[in-house]
Structures are given as structure tokens and as C-alpha cells.
Amino acid sequence: MNLDLVTKSDLLELKSDLIEEIKKIVPLQTAMPDEYLKSSEVRKLMKISAGTLLHLRVSGKLPFTKIGRIVYFSHEDIRRILGNGTPENAVVKRLFRGEAHGEHK
């Protein structure tokens, strides 16, 4: 029988190696929040309910990206929608009516 012993220094070295590997991965994941917003952030920013956001998403009026179970919205898309100087609720009403980015029918 071949027996390998693991010492405390072996475990500390493994810990250091794991931390270094995690540090390489984390910057990739932290870059996303700057460019994308989660549903809760969009609802708060636009002052809308979860149902309203779902309707805008499902109807195709608000583009989104889904990664796993999390739905992300482009910060640029939200800025473009809200950037026309109108109150958020007026923007949402126009989106429901099918008017794009401040263009009235």
C-alpha cells in the first residue's frame, strides 16, 4: 500500500494556488455589472414593477441577455431609452404603445 501524507504546508500551498486561480477568474465576472444590469437594477432605475419589466422583455421592446437563470439588460439600452429627457413612467407608457425612443405615433 502506497501512503501519501498531506502536511499543513501542503494545504497552505494549495490554498495560495487556489486563490491565485480565483483572482484570474474574478475580473472577468466583475466586468459584466458595468456593462449590464440585472432585472432588479433595471426595475429600480426605471421605477417599474417586475411584471412591467417582464412584459417589455417578452414583447421584445427591451432587449436582454440571459446567462443561466439570470437576465441582464444592456446599460446602454437603458440609457438610450431613458436618455430622451422624459420621466421614466412616460417612457414605459410609450414602450407599451409601441413607440420607440421618444418617437410619437
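The gain in end-to-end length when the Lys66 to Arg97 segment is fully stretched comes to 8.7 nm, 0.36 nm per residue minus the alpha carbon separation.
When the pairs Lys24/Lys66; Lys23/Lys66; Lys66/Lys93; Lys23/Lys44; Lys61/Lys93 are compared against a 20 Å limit on Cα-Cα distance, Lys24/Lys66; Lys23/Lys66; Lys66/Lys93; Lys23/Lys44 fall above it.
We did not get these values from a lab; they are worked out from the coordinates using the rules stated. None of these values were measured; they are calculated from a predicted model.
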